[in-house]
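Asker: Once you've had a glance at the structure underneath, I'll fire off some questions.
Each value in this text was obtained by applying a stated rule to the coordinates, not by laboratory testing. From a predicted model like this one, the values you see are computed outputs, not experimental measurements. Cβ placement follows ideal geometry from the backbone for every residue including glycine, while neighbour counts extend to all protein chains displayed.
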Amino acid sequence: MKVRAFRVVGEMWTRWGWQKFNIEKTGIHEKEVLERVLSEIGSRHRLKRKLIRIKEIRELREEEVEDPLVKDLLSLTSITVRYGRR
């Protein structure tokens with residue numbers, strides 16, 4: 001499975017009205033990225049999902065990515081996850 005970069009464009013409700021956002025995330029599937037964005041915005045801004053409108057999710061080519069963290073994650077060949085204490 002290849003990790004891909006996605007850009008999520010949408011808006012969220014704040015006390016001043018609808019606020020636009022653009023977020024770049026990595027993921028394998030579009031649904032995975034959508035779930036993560038809804039979870040993070042809802043948690044960070046204390047919003048229910050019905051107050052978050054997703055307008056577009058699109059896959060990005062490597063040269064279109066602007067977020068440095070996403071660029072670094074795309075360039076990795078493998079990731080090692082360790083559980084427990086050393």
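Asker: Work out the length of the dipole vector of the chain about its Cα centre, built from +1 on the beta-carbon of each Lys and Arg and -1 on the beta-carbon of each Asp and Glu, and round it to the nearest 20 debye.
Answerer: For the chain, the charge dipole is close to 620 debye.
Asker: Add -39500 (n - 2.57) for each DSSP H run of 4 or more in the chain, then divide by its residues: what number comes out at 222 nm, to the nearest 500 deg cm²/dmol?
Answerer: -8500 deg cm²/dmol
Asker: Okay, next question. Answer with one residue from Gln19, Leu76, Leu51: the one whose Cα lies farthest towards the positive end of the charge dipole of the chain, charges on Cβ with Lys, Arg +1 and Asp, Glu -1.
Answerer: Of Gln19, Leu76, Leu51, it is Leu51.
Asker: For Lys20, go through the lysines and keep the ones whose alpha-carbon is under 28 Å away, minus same-chain ones fewer than eight residues off.
Answerer: Leaving aside lysines fewer than 8 places away in the same chain, those within reach of Lys20 are Lys31, Lys48, Lys50, Lys55, Lys71.
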